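Beneath this line is the structure, given in structure tokens, with notes to follow.
The values are calculated or read from the model by the stated rules, or taken from the named source; none is laboratory data. Because the structure is predicted, anything quoted here is derived from the model rather than measured. All Cβ positions, glycine included, derive from the backbone under ideal geometry; neighbour counts span all protein chains shown. With ligands, DNA and RNA removed, areas are computed over all heavy atoms of the protein, side chains included. Shrake-Rupley method; radii C 1.70, N 1.55, O 1.52, S 1.80 Å.
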Amino acid sequence: MELTTTTYHQRGEAMMTQTVLPFKLEVTNETITAHAGLVVFGEFVHGLGLNALVNRNLPKPGSGAGYAPSAFIEPLILMLHGGGRSLEDLR
């Protein structure tokens, strides 16, 4: 589900409209994971339309039961952004 839409001005400049994130951010004194902030980066990636771009430009699965390329790329990007260093960190 796309959370943003792109509009074009008279000069041809693209502008994304502001949207509301599907969650609320609050301050808490509870212990939380150190990677809780990745959700904001994940929403940024979705807002950029990176999943659609990846699915359009990488090869489709060889069978009808395969996964879209973005199903592999998105976790990889989030893992690298969160401090992971190898594919083993995805597990």
(message) So, in region 42-56, how many residues would count as being open to solvent by 50 Å² or more (accessible area, probe 1.4 Å) and either modelled with pLDDT under 90 or over 16 Å from the mean Cα position of the chain (by Cα) (or both)?
(response) 3
(request) Scan region 68-91 and give yes if some residue there is modelled with pLDDT under 75, surrounded by fewer than 12 Cβ atoms within 10 Å (Cβ to Cβ) and more than 17 Å from the chain's Cα centre (by Cα), otherwise no. (result) yes
(request) Mind listing whichever residues of region 26-38 are over 21 Å from Met79 (Cα atoms) and either in a helix (DSSP H, G or I) or modelled with pLDDT under 70 (or both)? (result) none
